[in-house]
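The values are calculated or read from the model by the stated rules, or taken from the named source; none is laboratory data. Just so we're clear, the structure is a prediction, and the values are computed from it rather than from any experiment. Cβ coordinates were reconstructed from backbone atoms using ideal geometry, including for glycine residues, and neighbour counts include every protein chain displayed.
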Amino acid sequence: MNPPTLLQQTAHIADEFVAGLAGRRVGASAGVEQLRHSLAAPLPDEPVDPAEVVSALARAVEPGLVASAGPRYFGFVTGGSLPAALAADWLTSAWDQNAGMFVQSPAMSVVEEVAAGWILDLLGFPSQAGVGFVTGATMANFTGLAAGRHEVLRRAGWDVEQDGLQGAPHLRVVAGAEAHATVFAALRLLGLGSRRVEVIEADEQGRMRADRLGAALRRERTPTLVCAQAGNVNTGAFDPLPEIADLAAEHGAWLHVDGAFGLWAAASPARREQARGVQRADSCATDGHKWLNVPYDSGLVIVADAAAHRAAMSAGAAYFVTGAAGERDGMQWAPEFSRRARALPIYAALRSLGRRGVADLIERCCRHAARLADLLRVAPEVEILNEVVLNQVLVRFRPRDGGDADEFTRAMIRRVQGDGTCWAGGTTWRGRAAMRLSVSGWMTSEADIEMSAAAILRLASS
Ligand SMILES: *Cc1c(COP(=O)(O)O)cnc(C)c1O
């Protein structure tokens, strides 16, 4: 028998890790010193055998890995990797196709085309909308807002791609008070600045107040971008999108919706109502690597006006051989030219789950979040701060001795992370410290929820 190839050995390492995900301590066990000690070897002068490099690397990083792809990681709206998506992601690297242009990889171009069509269909967007495969929701926000910047300035007689922003008509940006930090990052990259954003008050669940938006839009008529949100990172709440879409339409503003995880509610018949109106957005950002459970480096942008989308992104050079008969060049829908074929894991995820599987994944996570909140709220130490409308739970802990709840909540987050049964991050919600639990992984079962709730309650009363 032949000895195993490098990729077979690597598959074995990967298999063991994935098989062990549910059983391992969720947080990392090594700290920075230990990891530096095992990894920071001097750069070798001479080549080293690849098999040795990979196995030494796997051994060195092992204690510093986080089981974020596993069933009891509730930090940062982080999903795992569906088996088909993970396998397809391996092939993405093995095939090493450049997904920039059709001529560079006809197969990956068509994969992208088909996956884009499925996404639009599943989420209820018009089939002629533009879809771009980007690195994450940050770049999806960037791309959607770039298309908006193009279009509202074009209508005002200004070509922002050619002439930039210096001397351009005033471009107003309006966003809800709870807009995600990456919306502001995108606006900075677009030369629109974050301080210039007019911030619209949010309600107690973090939803933009449509009445305040209406008042702001009535104050001034000028090219305007409105940034709304489907799924608040803390509460999971949705901005009132139907009202916001009406206001944007009435005032000729471009409506961008950040739906990094929340947009997936539109794929579930049971949750669709919550995302109602999102399909009226001019542009919408979402992630594949969060709730769709594909590996990282996967964001999606949808732009209703495909021409505006392309105008904002297209690059041209003499040696670019762009598709002739409507062939898709991925680079025309995203900021980068050369890039990995990141539509492939999305294609595999959607095909392996099917419509019903995607809906089940979303529904199951929401059900688990509600159950987790119910299991926790019976304890006298626990207060659930949000209406659990999606997959997010905000928990505050009051010490029995009447001590400081902010301090105790932060201590509880450290205890939970140290305990290792599950992992939760922290946040501040309306001025109060909170533990943030997000159920986004395909692997999470009812038993994982019960085990995690029991660990949290044990730590709260000890
Ligand atoms: C995670 C998130 C982002 C940023 O997405 P990345 O994929 O990390 O770039 C933006 N908006 C919201 C609401 C998010 O949850």
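Here is a list: 228, 186, 181. Which entry is within 13 Å of the ligand (Cβ to nearest atom), modelled with pLDDT of 95 or more and surrounded by fewer than 16 Cβ atoms within 10 Å (Cβ to Cβ)?
181 is the lone residue from the list that is within 13 Å of the ligand (Cβ to nearest atom), modelled with pLDDT of 95 or more and surrounded by fewer than 16 Cβ atoms within 10 Å (Cβ to Cβ).
Restricting to the range 123-138, name every residue that is under 20 Å from residue 109 (Cα atoms) and within 12 Å of the ligand (Cβ to nearest atom).
134, 135, 136, listed by residue number.
Read through the list (1) away from the ligand (no atom under 16 Å from the Cβ); (2) of a type in the set (A, V, I, L, M); (3) under 22 Å from the mean Cα position of the chain (by Cα), then give the number of the only condition that residue 168 fails.
So the condition that residue 168 fails would be (3).
Which of the residues belonging to the range 179-208 are touching a residue at least 24 places away in the same chain (Cβ under 8 Å) and over 23 Å from residue 252 (Cα atoms)?
Scanning the range 179-208 gives 180, 182, 185, 189, 204, 205, 206.
Which condition number in (1) surrounded by 17 or more Cβ atoms within 10 Å (Cβ to Cβ); (2) more than 12 Å from the ligand (Cβ to nearest atom); (3) over 26 Å from residue 354 (Cα atoms) is the one that residue 233 fails?
(2)
Within the range 1-39, count every residue that is assigned to a loop (DSSP other than H, G, I, E, B) and surrounded by fewer than 10 Cβ atoms within 10 Å (Cβ to Cβ).
Going through the range 1-39 one residue at a time, the tally reaches 4.
Let me spell it out: the conditions are (1) within 26 Å of residue 330 (Cα to Cα); (2) out of contact with any His (no Cβ under 9 Å at 6 or more places or on another chain), and residue 145 meets all of them except one. Which number is the exception?
(2)
Name the pairs whose Cβ atoms lie under 7 Å apart, with the first residue in the range 85-98 and on the phi < 0 side of the Ramachandran plot, the second outside any helix (DSSP H, G or I) and among the β-branched types (Val, Ile, Thr), and 6 or more positions between them or separate chains?
Every condition considered, the pairs that remain are 85/294.
What about residue 311, is it more than 16 Å from the ligand (Cβ to nearest atom), under 20 Å from residue 134 (Cα atoms) and of a type in the set (A, V, I, L, M, F, W, C)?
Considered against the rule, which asks whether it is more than 16 Å from the ligand (Cβ to nearest atom), under 20 Å from residue 134 (Cα atoms) and of a type in the set (A, V, I, L, M, F, W, C), residue 311 comes out as yes.
If the Cβ limit is 8 Å and pairs must be 6+ apart or interchain, which residue in the range 8-21 that is of a type in the set (Phe, Trp, Tyr) pairs with which residue that is surrounded by 13 or more Cβ atoms within 10 Å (Cβ to Cβ)?
Cβ pairs passing all conditions: 17/65.
Given 433, 411, which one is surrounded by 14 or more Cβ atoms within 10 Å (Cβ to Cβ), assigned to a strand (DSSP E or B) and of a type outside the set (Asp, Glu)?
The unique qualifying residue is 433.
Where residues in the range 58-99 are in a loop (DSSP other than H, G, I, E, B) and aromatic (Phe, Trp, Tyr), which of them is nearest to the ligand (Cβ to nearest atom)?
Among them, the one singled out is 76.
Yes or no, residue by residue, for (1) part of a loop (DSSP other than H, G, I, E, B); (2) within 16 Å of the ligand (Cβ to nearest atom):
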residue: 326; (1), (2): yes, no
residue: 340; (1), (2): yes, yes
residue: 349; (1), (2): no, yes
residue: 365; (1), (2): no, yes
residue: 373; (1), (2): no, no
residue: 376; (1), (2): no, no
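Taking only the range 250-265 into account, find how many residues are over 16 Å from residue 440 (Cβ atoms), buried (at least 20 other Cβ atoms within 10 Å of the Cβ) and more than 11 Å from the ligand (Cβ to nearest atom).
Total meeting the criteria: 4.
Which ones in the range 114-144 are buried (at least 18 other Cβ atoms within 10 Å of the Cβ) and either assigned to a strand (DSSP E or B) or over 19 Å from the mean Cα position of the chain (by Cα) (or both)?
Answer for the range 114-144, where residues must be buried (at least 18 other Cβ atoms within 10 Å of the Cβ) and either assigned to a strand (DSSP E or B) or over 19 Å from the mean Cα position of the chain (by Cα) (or both): 129, 130, 131, 132, 133, 134.
Could you check, for the range 55-65, whether at least one of its residues is of a type in the set (S, T, N, Q) and free of Cβ contacts under 8 Å to residues at least 60 places away in the same chain?
Step one: filter the range 55-65 for residues of a type in the set (S, T, N, Q), giving 55.
Applying the additional criterion that residues be free of Cβ contacts under 8 Å to residues at least 60 places away in the same chain yields 55.
So far as the range 55-65 goes, yes, one or more of its residues are of a type in the set (S, T, N, Q) and free of Cβ contacts under 8 Å to residues at least 60 places away in the same chain.
Pairs please, first residue from the range 338-350 and more than 22 Å from residue 314 (Cα to Cα) and among the β-branched types (Val, Ile, Thr), second anywhere and modelled with pLDDT of 95 or more and not in a loop (DSSP other than H, G, I, E, B), Cβ atoms under 7 Å, 6+ apart in sequence or on different chains.
Correct list of pairs: 346/115.
Determine the pairs where a residue that is closer than 16 Å to residue 132 by Cβ and in contact (Cβ under 8 Å) with a residue 60 or more places away in the chain, located within the range 283-295, has a partner that is within 9 Å of the ligand (Cβ to nearest atom) and in a strand (DSSP E or B) with Cβ atoms under 6 Å apart, the partner being 6 or more residues away or on another chain.
From the range 283-295, the pairs are 285/258; 287/299.
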